[in-house]
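Read the structure below first, then the notes.
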Amino acid sequence: MLKKILPIVLLLIGSGVGVGAGMVLRPVPEVVEEEMPDAENAAKAEVQEEPHGPDNPAPEMDYVKLNNQFVVPIVKDRVVVALVVLALSLEVPLGSKEAVFRREPKLRDSFLQVLFDHANIGGFDGAFTEANNLGVLRNALREVGQKEMGVEVIKDVLILEIARQDY
């Protein structure tokens, strides 16, 4: 009889401990203070940003070409079967080049992790240069770049060169 009840008791104790730990370790919610809009802020809030075009040009941008290419191995059954080589450039606001170069090692590390993950899910197999496939990769690179540098610094990631060499 004890052999049948003991697993149930242990399950209940474990669940209770897990719930308690979750409640104790829960992050503290951030308090967001709302400002009362004055006339100037209210007017700005009403104006919605229009897409950039001939009548609404985009602000001046700079392009930062990362110094070295990225080399990504493609592994199948624990054997490297191909290498993908990419050259990336970042679209940044004017005057942000130095900030990007100062953080380049951290950016390269983050970009390599995204590239390795993309390779591991088969992103460089088949027609890997299709617009949709490259769009997924570009979006993932942009997201991680913006996480490292900020949305206001990294506007876009451009894939300048991409090549795959099979063995």
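Coordinate-derived values only; no laboratory data. What you see is a predicted model; the values in this text were computed from it and never measured. Counting neighbours? That spans all protein chains shown, and the Cβs are built from the backbone with ideal geometry, glycine included.
Taking the Cβ-Cβ separation of K106 and I13 as r and a Förster radius of 45 Å, what is the calculated FRET efficiency to the nearest 0.05? Please report the intermediate quantities before stating the final value.
Numbers: r = 43 Å, r/R0 = 0.97.
The formula returns an efficiency of 0.55 here.
Cα extents of segment 86-162 along the three principal axes, largest first, in whole Å?
39, 20, 19
At what distance in nm do the modelled label points of L25 and K4 sit from each other, each positioned 7 Å from its Cα along Cα→Cβ?
3.5
Can you pull out the GluC sites (Glu not before Pro) in segment 72-141 whose DSSP state is coil and whose Cβ has at most 10 other Cβ atoms within 10 Å?
Working: sites: E91, E98, E130; in loops: E130.
Those that pass, being in a loop and sparsely packed, are E130.
Based on the Kirkwood radius over alpha-carbon pairs, what is the Stokes-Einstein translational diffusion coefficient of segment 57-127 at 20 °C with 1.002 mPa s viscosity, in µm²/s? It would help to have the intermediate numbers written out before the result.
Details: Rh = 13.9 Å.
Estimated diffusion coefficient is 155 µm²/s.
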